[in-house]
1. Which one is farthest from residue 115 (Cα to Cα), of the residues in region 87-96 that are surrounded by 17 or more Cβ atoms within 10 Å (Cβ to Cβ) and not charged (D, E, K, R)?
2. How many residues, within region 63-86, are open to solvent by less than 50 Å² (accessible area, probe 1.4 Å) and either assigned to a loop (DSSP other than H, G, I, E, B) or modelled with pLDDT under 95 (or both)?
3. Of these, 96, 84, which one is on the phi > 0 side of the Ramachandran plot and not aromatic (Phe, Trp, Tyr)?
4. Tally time: how many residues in region 120-135 are farther than 16 Å from residue 78 by Cβ, within 22 Å of the chain's Cα centre (by Cα) and not in a strand (DSSP E or B)?
5. I'm checking my understanding of the structure. Among residues of region 22-52 that are part of a loop (DSSP other than H, G, I, E, B) and out of contact with any strand residue (DSSP E or B) (no Cβ under 6 Å at 6 or more places or on another chain), which one is surrounded by the most Cβ atoms within 10 Å (Cβ to Cβ)?
6. Being small (Gly, Ala, Ser), within 19 Å of residue 148 (Cα to Cα) and in a helix (DSSP H, G or I): is that true of residue 106 here?
Amino acid sequence: MYEQYWGLKAPPFQNVPDPNFFFLSARHREGLARLLYAVKHNKGAALLVGDVGCGKTTLSRALILQLAEEKYDVGLITNPALPGNDFLEEIDLQLGIRPPSNSKVAILRALNDRLLANVREGKETVLIVDEAHSIRDPDVFEELRMLLNFQLNDRFLLTLILMAQPEINEIIGRIKQLEQRIAIRYSLSPLEQAEIGPYITYRLQKAGAKRALFSEEALQIVWQVTRGVPRCINTLCDLCLLEGFASRTQTVD
């Protein structure tokens, strides 16, 4: 609606997990590096936690872009709030596996066959579970633990990546067999105050901006209001551009 007025080619502050707008803050860069380490060094399981709106989902999409299709077979679960057997079926579906029936034995056998076939072809299998804190069925956590039993003598057949809000720490803490298998952990925090300006500038430039659209004073207010939570920054800045368009201002002040 306001893109032409501000000289933009696309909306800069959409709250969707578009990896093209993924800003590598210091914390996001480290989180991505740890997940890549877990995948490329076959660590079995990794857990990344962060509060609402901190960019976990966008980071998961950026991670997938780092994994070449010819070398990695990636499954992404975006709605894990399913009962146990349905969850296993969803894993097979996201990996493009079609078991001969929907029995648990058939689902797991088809998954195991795919994991072994990937190893023979020199491919790694990665399963990313986004919004893992929404899992309410205890059986699903048991299934996740059992997935890590797919191993050869010297390696895991699958790397499991859990992306979740911090409350998952308490849940997993009660399941010692699963907790002990998580080799890599990282907590994603909001942006620092000094990163607010670069974050907004980065997204505006990605959308085609040729000049600064927010004053320094405005950036300070964005920090005060949002405390560095990317989703809140996007919402506020989007409304600022809309208001600036409506009032025909040249800069968001």
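The values are calculated or read from the model by the stated rules, or taken from the named source; none is laboratory data. Keep in mind it's a predicted model, so treat the numbers as computed, not measured. Heads up, the Cβs are rebuilt from the backbone with ideal geometry, glycines too, and the neighbour counts pull from every protein chain shown. We work out accessible area using only protein heavy atoms, side chains counted, and drop any ligands, DNA or RNA first. Shrake-Rupley method; radii C 1.70, N 1.55, O 1.52, S 1.80 Å.
1. Only one residue tops the list, namely 87.
2. Summing the residues that are open to solvent by less than 50 Å² (accessible area, probe 1.4 Å) and either assigned to a loop (DSSP other than H, G, I, E, B) or modelled with pLDDT under 95 (or both) in region 63-86 gives 5.
3. Sole residue among the options that is on the phi > 0 side of the Ramachandran plot and not aromatic (Phe, Trp, Tyr): 96.
4. Residues in region 120-135 being farther than 16 Å from residue 78 by Cβ, within 22 Å of the chain's Cα centre (by Cα) and not in a strand (DSSP E or B): 1 in total.
5. Step one: filter region 22-52 for residues part of a loop (DSSP other than H, G, I, E, B), giving 22-25, 41-44, 51-52.
Pick out the ones that are also out of contact with any strand residue (DSSP E or B) (no Cβ under 6 Å at 6 or more places or on another chain) and you get 22-25, 41, 51-52.
Numbers: 22: 21, 23: 20, 24: 17, 25: 23, 41: 11, 51: 14, 52: 10.
Per the stated criteria, the residue is 25.
6. Working: small (Gly, Ala, Ser): yes; within 19 Å of residue 148 (Cα to Cα): yes; in a helix (DSSP H, G or I): yes.
Yes, satisfied.
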